[in-house]
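I have placed the structure first, in the form of structure tokens, so that the comments after it can refer back to it.
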């Protein structure tokens with residue numbers, strides 16, 4: 001598979017077409033342990049630059065992370081969302097298992113209405129937001145997004161901030177298609193797992209967003 005991917009990518013220069021590979025990394029190739037070597041090979045052949053290399057590797061890391069979360073927390077879908085604080089928009093960092101309809105909704109989603117008066121970031125990037133019953137939820141997150149959550153089959157969600165040294169990156173979401181109460185231990189574990197990716201995301205965030213947008 002590695003040789004095939006390299007040969008395919010070598011057929012054209014780095015344009016919007018090759019950037020779309022970012023979107024296709026998941027889920028089909030996310031279990032390929034040698035995929036990072038493919039990206040480095042492309043870099044050595046000058047088909048991608050240094051920032052492109054890091055963006056590919058980060059996207060691959062996020063795909064592995066969501067797969068890990070879904071193995072450890074069965075019957076839940078995991079999504080990683082990156083926040084553009086300049087445009088106040090969300091971008092899908094890794095959402096392979098999240099429904100296609102919700103992925104379309106969340107890609108480039110405005111967060112302006114999710115920011116409380118006096119704050120600079122959405123509420124779910126300041127603190128954990130656990131919603132056991134989306135349909136009956138009266139919090140700002142439920143009210144703003146319940147229509148599309150319910151339309152795509154999600155009945156409960158738990159949002160956890162992604163931050164590093166007081167720098168806001170985005171948030172992770174654990175989706176459930178059945179109504180459930182997330183336990184205190186689960187919520188604690190969601191945040192603990194987030195620390196595995198926060199530092200890397202903080203380093204690459206400003207370069208990763210343009211690649212995600214171009215692969216939209």
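Read-outs throughout are calculated quantities, based only on the coordinates presented, and are distinct from any laboratory measurement. Quick caveat: nothing in here was measured; it's all calculated off a predicted structure. FYI the Cβ positions are ideal-geometry reconstructions off the backbone, even for glycines, and counts take in every protein chain you see.
Look at the Cα gyration tensor of the range 145-190: its axes a ≥ b ≥ c give a/c of at least 1.5 with a/b at or below b/c, and that counts as oblate. Once you order the gyration tensor axes a ≥ b ≥ c over the Cα atoms, which shape class does the range 123-211 get: rounded for a/c under 1.5, otherwise prolate or oblate by comparing a/b with b/c? Prolate, since a/c reaches 1.5 and a/b exceeds b/c.
Entry note, the range 56-140: relative contact order of 19 percent, from Cα contacts under 8 Å with a spacing of 6+ residues.
What relative contact order, as a whole-number percentage, does the range 114-216 give when Cα pairs under 8 Å and 6 or more residues apart are counted?
Details: 136 pairs, mean separation 24.1, N = 103.
Taking the mean separation of contacting Cα pairs over the length of the range 114-216, I get 23 percent.
The peptide list 194-201, 157-164, 117-124, put in order of mean Cβ contacts within 10 Å with the highest first, becomes 157-164, 194-201, 117-124.
The modelled label-to-label distance between residue 191 and residue 128, using points 7 Å beyond Cα along the C-beta direction, is 0.6 nm. Apply the a/c threshold of 1.5 to the C-alpha gyration tensor of the range 52-203 and tell me whether it is rounded, prolate or oblate. Here the range 52-203 falls in the rounded category. If you find the alpha carbon centre of the range 115-184 and of the range 57-103, how far apart are they in angstrom? What the calculation gives is 14 Å, centre to centre.
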